[in-house]
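This report refers to the structure that appears directly beneath it.
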């Protein structure tokens, strides 16, 4: 009987280790397009209209040509904070803010070049992309609102900028976009962050 109990204990420990290992693997998974990208998260970004704080998870990669590629993975918002979620609309202004915050954060990690260096006013081209079709939902376990890609819908929304630093001032100039690449069929009406609807929406507005 004691031997049987020991077997059960050993089996229980094995299952626990397997579970922990699986959870660690899930946590370690990257949302980046490839292993060439580095994944980062910006916290405590303020939405200007609602006053809500949110976080941005993104990836970046410096191409050999000098172009920087950015991929916006997901947005998370603490659902317990005291702010007006009904004013947190996921519209074109919001996505412009996301790009600006990501570019500024990236500059603090891997500085952009001074304007005029190399003969041009803005020397570095940055291509920022995100999934064209995304969804917003309430993660009950973490009590957060999450905005992330709709896996069943292909397509990207891409914006291109030139970025440089002029006497310490961060300069961002739009070149093109947002434009979509590939397929993906989703409504263009932007939802609020607390919509909690499984319907995908178009971020390329």
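A few points about this structure:
- For the residues 188, 162, the requirement of being in a strand (DSSP E or B) and more than 17 Å from the chain's Cα centre (by Cα) singles out 162.
- Residue-level check: of (1) in a strand (DSSP E or B); (2) without any contact (Cβ under 8 Å) to a residue 40 or more places away in the chain; (3) closer than 25 Å to residue 53 by Cβ, residue 141 misses just (1).
- Residues (within 24 Å of residue 32 (Cβ to Cβ) and either in contact (Cβ under 8 Å) with a residue 60 or more places away in the chain or buried (at least 18 other Cβ atoms within 10 Å of the Cβ) (or both)) located in the range 181-192: 184, 186
- Residue list for the range 151-202, restricted to those being touching a helix residue (DSSP H, G or I) at 6+ places or on another chain (Cβ under 8 Å) and farther than 28 Å from residue 86 by Cα: 161, 163, 164, 165, 170, 172
- Odd one out for residue 18, checked against (1) modelled with pLDDT under 95; (2) surrounded by fewer than 11 Cβ atoms within 10 Å (Cβ to Cβ); (3) under 30 Å from residue 175 (Cβ atoms): (3)
Here is a yes/no grid of residues against (1) touching a residue at least 60 places away in the same chain (Cβ under 8 Å); (2) in a loop (DSSP other than H, G, I, E, B); (3) surrounded by fewer than 16 Cβ atoms within 10 Å (Cβ to Cβ); (4) on the phi > 0 side of the Ramachandran plot:
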site	(1), (2), (3), (4)
125	no, no, no, no
134	yes, no, no, no
147	yes, no, no, no
151	no, yes, yes, no
176	no, no, yes, no
198	yes, no, yes, no
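The values are calculated or read from the model by the stated rules, or taken from the named source; none is laboratory data. Treat the numbers as computed from the prediction; the structure is a model and nothing was measured. Methodologically, a virtual Cβ is constructed for each residue, glycine included, from the backbone with ideal geometry; neighbour enumeration extends over all protein chains shown.
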